[in-house]
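The values are calculated or read from the model by the stated rules, or taken from the named source; none is laboratory data. Note that the structure is predicted; figures quoted are calculated from it, not measured. Cβ atoms come from the backbone with ideal geometry, glycine included; neighbour counts cover every protein chain shown.
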């Protein structure tokens, strides 16, 4: 009987250790998605292709302008942008899990660039993005951000 209890205890410990390792791997994957999202602003399309791929069809965000936007409105904002981003620096990120298929990534980034009139700017944002795993893919389902270092 002692051997059975010991065996069950060992299996539970292995299961818990594997679950923690899996969460750590997923957290790194989500941080990489976020870093790619921020850096995609440097792309010629202002990150439209990357964002289209990682955000869900039922995505909503509260933007730094205080407006609620769905996926189409969020992407369109980037399509019509006349700004040029020349530098993106990602800040620290933390990941919080809610069960096995939902996680929120909280972080920040700083971007430098030129506005539509060619005037240089530096902006710093804080954000929280919520991801859900659907059919094996992690998609952003909700986002909120604030600009806390105003344009220079």
In segment 101-146, residues that are surrounded by fewer than 14 Cβ atoms within 10 Å (Cβ to Cβ) and within 16 Å of the chain's Cα centre (by Cα) total 3
Among residues of segment 1-28 being exposed (fewer than 15 other Cβ atoms within 10 Å of the Cβ) and either touching a strand residue (DSSP E or B) at 6+ places or on another chain (Cβ under 7 Å) or in a loop (DSSP other than H, G, I, E, B) (or both), the residue modelled with the highest pLDDT is 23
Requested in this report: Would you check if residue 127 is modelled with pLDDT of 95 or more and within 15 Å of residue 65 (Cα to Cα)?
Outcome: yes
| message | Considering only segment 79-88, I want to know if a residue exists there that is under 12 Å from the mean Cα position of the chain (by Cα) and under 21 Å from residue 44 (Cβ atoms). | response | no
